[in-house]
Amino acid sequence: MEISLNAYGKINLGLDVVRKREDGYHEVKMIMQTVQLYDRLTFCDTKEGSIVIESNSDVLPATEDNIIYKACELVRSTYGITRGVKVSLDKRIPVAAGMAGGSTDAAAAFVAMNKLFDLGLTEGELMKLGVRIGADVPYCIMQGTALSEGIGEILTGIAPMPDCYIAIAKPPVSVSTKWVYQNLKASELERHPDIDGMVAALERGDLRGVTDRMENVLETVTIPEYPEIEQIKNIMIDKGAMNALMSGSGPTVFGVFEDKDMAQEAVCCLTDMKLVQQACVVMPYNRER
Ligand code: ATP
């Protein structure tokens with residue numbers, strides 16, 4: 001049997017860190033939105049009893065260190081599956097970029113393993129398994145627009161982002177999420193995003209109310225180290241974006257546009273200026289339920 005899936009990337013429309021817990025984890029309050037930029041994964045069950053990963057990316061591990069491997073192995077060991085799985089990954093989401101590229105591949109692996117081996121697990125059960133691999137994995141299983149709290153695992157579905165065009169631009173640097181959180185001074189943050197106000201704006205379908213509240217406290221760590229992020233944000237706004245923000249721990253920047261041509265123009269300008277390694281225009285992705 002063979003199963004092919006799209007694994008969608010996400011942006012954070014708002015990202016707040018509420019506090020650092022005693023166990024070292026950060027408590028967050030974020031608005032997540034999946035976008036129509038996705039990795040394509042194909043899963044086949046095999047008799048060999050091993051997990052084999054092939055990908056078009058030369059920067060990703062094809063071994064046990066790949067998060068897809070970890071997800072498949074967790075399902076196999078939990079449910080006593082002896083057959084193996086062969087995975088082929090067409091990587092399109094930028095890596096180490098703040099778009100949950102790894103978490104979404106792991107989420108796709110949980111969904112595919114459930115179908116491939118006819119386990120009959122509910123989405124909630126898959127999400128509980130997923131959090132053992134990474135805090136963003138349950139959200140990537142859920143997809144769409146969500147308020148994410150706790151360490152990222154407490155999820156509430158909220159009204160979808162109104163239709164718009166999102167310019168995505170990843171500068172040619174990679175950022176480690178761990179490094180960003182280690183350097184965040186959570187108790188000294190001067191500003192906190194208005195996440196509740198953004199939820200209310202989404203409920204009203206008020207795109208301007210959403211973009212006016214776009215803020216990410218992790219910019220206080222990543223931007224001083226990589227000032228080109230600020231430069232990309234400014235160019236997007238000059239080119240007509242309603243607002244622009246760093247996604248997750250960065251370095252990817254997204255700009256929200258009402259007009260598709262303006263979004264495309266911003267991407268062309270950033271590409272011509274050689275500020276980006278990868279850039280495109282996408283729309284929000286909201287799964288049919
Ligand atoms: P987040 O937004 O959740 O912080 P990210 O987009 O910043 O994630 P990822 O693309 O998920 O970062 O990559 C983080 C690290 O995970 C990379 O260093 C990468 O080598 C490793 N990794 C392992 N497997 C994968 C995978 N299938 N796809 C992407 N990265 C992977």
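Just a few scattered comments:
- Every residue from the range 52-97 that is out of contact with any strand residue (DSSP E or B) (no Cβ under 7 Å at 6 or more places or on another chain), within 10 Å of the ligand (Cβ to nearest atom) and at pLDDT 95 or above: Ile67, Lys70, Ala71
- Complete set of residues in the range 195-208 that are outside any helix (DSSP H, G or I) and out of contact with any helix residue (DSSP H, G or I) (no Cβ under 9 Å at 6 or more places or on another chain): Gly205
- Test: residue in the range 209-224 that is assigned to a helix (DSSP H, G or I), away from the ligand (no atom under 16 Å from the Cβ), modelled with pLDDT of 95 or more and under 14 Å from Asn12 (Cα atoms): yes
- Filter result for Ile229 (β-branched (Val, Ile, Thr), modelled with pLDDT of 95 or more and farther than 22 Å from Arg92 by Cβ): no
- Hits in the range 115-145 (condition: closer than 14 Å to Arg76 by Cα and of a type in the set (Phe, Trp, Tyr)): Phe117
- A residue that is crowded, with 24+ Cβ neighbours inside 10 Å and more than 14 Å from the ligand (Cβ to nearest atom) occurs somewhere in the range 99-118.
- Pairs where the first residue, in the range 86-105, is closer than 15 Å to Cys44 by Cα and the second is among the hydroxyl-bearing types (Ser, Thr, Tyr), C-beta under 6 Å, 6+ apart: Lys86/Thr46; Ser88/Thr42; Leu89/Ser55
- Close pairs from the range 186-200: first under 13 Å from Gly14 (Cα atoms), partner at pLDDT 95 or above and polar (S, T, N, Q), Cβ under 8 Å, at least 6 apart: Pro193/Asn216
- In this structure, Val17 does not satisfy being over 24 Å from Gln143 (Cα atoms) and either at pLDDT 95 or above or of a type in the set (Phe, Trp, Tyr) (or both).
- Restricting attention to the range 67-115, the residues that are among the small types (Gly, Ala, Ser) and over 30 Å from Thr222 (Cβ atoms) add up to 5.
- Flag if Gly144 is buried (at least 18 other Cβ atoms within 10 Å of the Cβ) and within 22 Å of Asp65 (Cβ to Cβ): no
- The conditions of being within 14 Å of the ligand (Cβ to nearest atom) and assigned by TED's automatic domain parsing to the domain that holds Val35 are met by Val131.
The values are calculated or read from the model by the stated rules, or taken from the named source; none is laboratory data. As the structure is a prediction and not an experimental result, all values here were calculated from the model. All Cβ positions, even for glycine, are placed from backbone atoms using ideal geometry, and neighbour counts span all protein chains on display.
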